[in-house]
1. Does at least one position in the range 85-98 carry a residue that is modelled with pLDDT of 80 or more, closer than 21 Å to residue 34 by Cα and in contact with a helix residue (DSSP H, G or I) (Cβ under 8 Å, 6 or more places away or on another chain)?
2. Determine whether residue 78 is surrounded by fewer than 15 Cβ atoms within 10 Å (Cβ to Cβ), at pLDDT below 95 and closer than 23 Å to residue 114 by Cβ.
3. Name every residue in the range 49-68 that is closer than 17 Å to residue 87 by Cβ and surrounded by 22 or more Cβ atoms within 10 Å (Cβ to Cβ), in order of residue number.
């Protein structure tokens, strides 16, 4: 029996976390959440997610610190880490400051988020996935309009 990929969403803004978590769950991902960098490290150790979407400006440990911790531990080193930030400057030096495998800028449309997560997971778009996304395009097409206001 196949299980859904687990996504760890590390985001301190409650509204932003809720919206993106809902989107990911809608498209079949299991989502675990963290509200600060230390909690993200602990959840990653415990749940072994398939992918981590991590805000850069997290409290306790920021995204840079948390990513270095996760990549330095054998149990979590192979988990893809994706910087998930509204700050363009936070992606400028991904290779030098942290060990992120990529980045996603917020706000992002629901459909683009799903496509990017699939790409980072190495999932190929199948006709079934495209058909599923197409059926929901009209429902989520304008959903990202309000995200710019809450993605901080």
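The values are calculated or read from the model by the stated rules, or taken from the named source; none is laboratory data. On a predicted model such as this, the values are computed, not experimentally measured, just so you know. All Cβ positions, glycine included, derive from the backbone under ideal geometry; neighbour counts span all protein chains shown.
1. The answer is yes, given that some residue of the range 85-98 is modelled with pLDDT of 80 or more, closer than 21 Å to residue 34 by Cα and in contact with a helix residue (DSSP H, G or I) (Cβ under 8 Å, 6 or more places away or on another chain).
2. So residue 78 fits the description; yes.
3. Result: 53, 54, 55, 56, 58, 63, 66, 67.
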